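Here is the structure we will look at, set down as C-alpha cells.
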Amino acid sequence: MTVNALGIYEKALPQDLTWEEKFNLVHELGFNFLEFSIDESDERLARLDWTKEQRTAFREAMWRTNSRINTMMLSGHRRFPLGSADPEIRAKALEMMQKAINLAVDLGIRNIQMAGYDVYYEKKTVQSREYFTENLAKCVHMAAEKLVTLSIETMDDPFINSMSKIAHYKSMIKSPFLQGYPDLGNISAWPENNVVEDLKNNIEHVAAVHLKDTLPVTPTFKGKFKEVPFGEGCVDFEGCLRLLERLNYSGSYTIEMWTGTTDDAVEEVKAAKRFFDQLFEKVGITQEPVKITN
C-alpha cells in the first residue's frame, strides 16, 4: 500500500486569512501541504520580490504550524511567456523564473510547476515554439544550479497537453531537474490522449499530480478546464488512481480548486476531500498522516 501526501491549492481557501491561519486551516481540513501560487496577477507576481523580512515571516508561520509547501504553481508565464515574439517579454519571463527559483529556495519549496504554454495570449508560431524551447533550457539550467525541480504541467492548451509531449522536451533537455506535472483533468479532456498509455509510458517523469475534473474537448465544444465539480466531468479518477498505485507512484497529489472567493469555500473543500478520501481508500492509497500544530 502506497503512502502519498495530499495537498490543497492555495486558491481553494478563503483569501482573507493570514498565512498562519491558512496553514492551520490546511491541517484542520486534513491536508499535508499547501500549493503556493504565483499567477499572472500583479498581487501574486509581487511575491517574487518579497523582502528578506517577508520571506522570514512566511517561513516562521510555516514552522510554527508544522507546515510545508511541496509545490509552487508558477502560472505567471501565461502573461509573460517564454515563447513571446517580444524580446522584452521573453527577458521578463526569464527574470521571473530566476526570482521564482530564488524564492523557492528561501521558502523550502523543492518543485516549481511550470505552465506548458509557448504563448497564451499571442499567436502561436514555429518561432514561438523555438523561443520556448531555447528559454526552457535556460530555465532548467537556472533551476539545476539551485537544485530545484521544474515540472511542466499538462495544460488546457494543445501545445503541451500530455506527458508524451513533456517527454519530448526532456529528450532535448536532458536533466533530472526537468520533470512533468500531469493534471488528470487536462490529460483526460483531450480526445487524442490515451490516459492510461500516457501515464504508464511516462511514469518516470511524473514529479507530482493534480486532481481536477474537466469536460472534454469535442469538434463543437472547446472543453471546460476549470470549476467542473468532482465526479461530474470526464475524468475516471478511480481508474487513474488505480493505475498510479499499480505503477508505484509515491509523489504527492494536489486537489486543484478555485473556491477561495466563494462564501462556502471551506465546505466545498471539505466535500472535495471526502470525495478523494473515499477513492483513496477504495484504491488502496494511504494518505500521509497530517501533522498537528504545536
Checklist outcome for this item: Env charge @ Lys52, Cβ radius under 15 Å, K,R +1 / D,E -1, value 0
Checklist outcome for this item: For Glu204 and Glu227, extending 7 Å from Cα along the Cα-Cβ vector and measuring point to point gives, in nm, a value of 4.2
Checklist entry - If you roll a 1.4 Å probe over the chain with all protein chains in place, what percent of the accessible area is carbon or sulfur? => result 52
Checklist outcome for this item: With the convex hull built on the alpha-carbon atoms of the chain, volume per residue in Å³ sits at 128
Item to check | Antiparallel DSSP beta bridges within the chain, as percent of all bridges there, nearest 5 | outcome: 5
Checklist entry - Along the positive direction of the dipole of the chain (beta-carbon charges: Lys, Arg +1; Asp, Glu -1; about the Cα centre), which of Val235, Thr220, Thr56 reaches farthest? => result Thr56
Checklist outcome for this item: trypsin sites (Lys or Arg not before Pro) in region 183-274 lying in a DSSP loop, each with at most 11 other Cβ atoms within 10 Å of its Cβ, come to Lys222
Next on the checklist: Could you tell me the calculated FRET efficiency between Glu88 and Lys174, based on Cβ-Cβ distance and R0 = 25 angstrom, to the nearest 0.05?
Outcome noted: 0.25
Checklist entry - Straight-line reach from Lys146: which aspartates and glutamates have Cα under 17 Å away, leaving out those fewer than 8 places along the same chain? => result Glu95, Asp106
Item to check | Length added when fully stretched, Glu28-Leu147, from 0.36 nm per residue minus Cα-Cα | outcome: 39.7 nm
Checklist entry - Along region 52-65, what does the Karplus equation 6.51 cos²θ - 1.76 cosθ + 1.60 (θ = phi - 60°) give for ³J(HN,Hα), rounded to whole Hz, x for Gly and Pro? => result 4, 5, 5, 5, 4, 4, 5, 4, 5, 5, 4, 5, 4, 9
Checklist entry - Using helices alone, what [θ] at 222 nm do you get for the chain, with -39,500 (n - 2.57) per DSSP H run of 4 or more residues, divided over all residues and rounded to the nearest 500? => result -12500 deg cm²/dmol
Checklist entry - Label Lys291 and Lys123 with points 7 Å out from Cα along Cα→Cβ: what is the distance between them in nm? => result 5.1
Checklist entry - How far is it, in nm, from the label point at Asn248 to the one at Glu130 when both lie 7 Å from their Cα along the line to the Cβ? => result 4.3
Checklist entry - For region 199-294, which GluC sites (Glu not before Pro) are both in a DSSP coil and crowded by at most 14 other Cβ atoms within 10 Å? => result Glu227, Glu232
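The values are calculated or read from the model by the stated rules, or taken from the named source; none is laboratory data. Since the model is a prediction, treat every value here as computed from it, not as a measurement. All Cβ positions, glycine included, derive from the backbone under ideal geometry; neighbour counts span all protein chains shown. Ligands, DNA and RNA are excluded from the accessible area calculation, which covers all protein heavy atoms including side chains. Shrake-Rupley method; radii C 1.70, N 1.55, O 1.52, S 1.80 Å.
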